[in-house]
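Shown next, in structure tokens, is the structure this report addresses.
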Amino acid sequence: MDKNAPIGIFDSGVGGLTVAREVMRQLPDERIVYFGDTARLPYGTKSQDTVIRFSEQIMRFLRSKGVKAIVIACNTASSYALDALRRSEDIPIIGVINAGARAAVSATKNGRIGVIGTDGTINSKAYSSVLKSMNPAVEVFGKACPLFVPLVEEGLLHDTVTDEIASRYLSVLKEKYIDTLVMGCTHYPLIRSTIARTMGDEVTLVNPAYETAVQLRTLLRSMEMDCDGDQEVRVEEKYQFYVSDMAEKFSSFAGFILPGKVKDTMLIDIEKY
């Protein structure tokens, strides 16, 4: 495997850009191929079989780009499809759940951990299972927050509507006296300030996007697959973005999250893969 090959990152839409952003910060020499499945979002309301099928198609697309590793920057796909993809692929694949869970177990003082995510992520109990495997003594309280994704997708990051929805969703977790909250959807760091303000200073927020980038850096270095950094690559070649629909809208939003990094967004027919 060419150590200077790109890293593949995929998500159901724009949320995974928070993971891409952290990868760019932690691994500034690496090239990235990002795919957002904007035609078929959200994944959180889909069945496991459907999410696995979508993920397998995306894997084939990313493999066609010669990627050396894959980051599943989607909590739903990480919980539903990670094991299936690992069984069928011969390159490193990591999801966002293990990294986030490890950070939460390390952060909690009272052993009471909250997890927010899509219906799919919460119903799968993926975080609960991983958290308890790391520390059987922790108590895990999950809360689905399905409206957060469309609010973020519509750009309502600092809006009274988002404040109201956050208050309604998170009041249940405040009653559980958690001291750590995992933002179990890659969209959620984009409304981190709202979540933090609602939960209060006594609750530590865990961002799996950051933790995943750190895990990826460690993995690539341990396998001696990290980029040597000798290549001079233009931004539009270093960071490539593909979507299955709404390329213009994606570019606009991506430019907000990754200023100067998104020169073009290419539309592909993912059903061909």
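The values are calculated or read from the model by the stated rules, or taken from the named source; none is laboratory data. The shown structure was predicted, so the numbers you read here are calculated from the model rather than taken from an experiment. Using ideal geometry, Cβ is built from the backbone for each residue, glycine included, and neighbour counts are taken over all protein chains shown. The area values use the complete protein model at the heavy-atom level, side chains included, leaving out ligands, DNA and RNA. Shrake-Rupley method; radii C 1.70, N 1.55, O 1.52, S 1.80 Å.
Within the range 214-232, the set of residues being surrounded by fewer than 14 Cβ atoms within 10 Å (Cβ to Cβ) and of a type outside the set (Gly, Ala, Ser) comprises Thr218, Arg221, Met223, Glu224, Asp228, Asp230, Gln231, Glu232. Of the residues screened, Leu156 is not one that is open to solvent by less than 20 Å² (accessible area, probe 1.4 Å), farther than 17 Å from Ala73 by Cβ and either of a type in the set (A, V, I, L, M, F, W, C) or in a loop (DSSP other than H, G, I, E, B) (or both). Any residue in the range 1-15 that is open to solvent by 10 Å² or more (accessible area, probe 1.4 Å), modelled with pLDDT under 95 and part of a helix (DSSP H, G or I)? Looking through the range 1-15, none of the residues is open to solvent by 10 Å² or more (accessible area, probe 1.4 Å), modelled with pLDDT under 95 and part of a helix (DSSP H, G or I). Of the residues examined, Leu205 is not one that is farther than 16 Å from Gly15 by Cα and in contact (Cβ under 8 Å) with a residue 40 or more places away in the chain.
Scanning the range 100-115 for residues that are outside any strand (DSSP E or B) and either in contact with a strand residue (DSSP E or B) (Cβ under 7 Å, 6 or more places away or on another chain) or crowded, with 22+ Cβ neighbours inside 10 Å (or both) gives Gly100, Ala101, Ala103, Ala104, Ala107, Thr108, Gly111.
Residue-by-condition table, conditions (1) open to solvent by less than 10 Å² (accessible area, probe 1.4 Å); (2) modelled with pLDDT of 95 or more; (3) over 15 Å from Gln240 (Cα atoms):
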| position | (1), (2), (3) |
| --- | --- |
| Leu41 | no, no, yes |
| Glu56 | no, yes, yes |
| Phe61 | yes, yes, no |
| Ser64 | no, yes, no |
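Would you confirm, using the coordinates I've provided, whether Ala101 is over 17 Å from Val23 (Cα atoms) and in contact with a helix residue (DSSP H, G or I) (Cβ under 8 Å, 6 or more places away or on another chain)? Considered against the rule, which asks whether it is over 17 Å from Val23 (Cα atoms) and in contact with a helix residue (DSSP H, G or I) (Cβ under 8 Å, 6 or more places away or on another chain), Ala101 comes out as yes. Of everything in the range 16-39 that's among the charged types (D, E, K, R) and open to solvent by less than 10 Å² (accessible area, probe 1.4 Å), which residue is farthest from Ala69 (Cα to Cα)? The extreme case among them is Asp37.
The condition (being outside the structural domain of Glu236 (by TED's automatic domain parsing), in contact with a Gly (Cβ under 8 Å, 6 or more places away or on another chain) and under 26 Å from Ser133 (Cα atoms)) is satisfied by just one residue among Val115, Val71, Val51: Val115. Tell me, which residue of the range 58-83 that is over 18 Å from the mean Cα position of the chain (by Cα) and outside any loop (DSSP other than H, G, I, E, B) is farthest from Phe141 (Cα to Cα)? Selected residue: Ser64.
At positive phi, at pLDDT 90 or above, out of contact with any Phe, Trp or Tyr (no Cβ under 7 Å at 6 or more places or on another chain) and not small (Gly, Ala, Ser) - does that describe any residue in the range 256-264? The answer is no; no qualifying residue exists. The condition of being touching a Lys or Arg at 6+ places or on another chain (Cβ under 6 Å) and among the basic types (Lys, Arg) holds for only one of Lys272, Lys249, Lys238, Lys263, that being Lys238.
Of the residues making up the range 233-261, those that are in a loop (DSSP other than H, G, I, E, B), among the hydrophobic types (A, V, I, L, M, F, W, C) and open to solvent by less than 30 Å² (accessible area, probe 1.4 Å) number 1.
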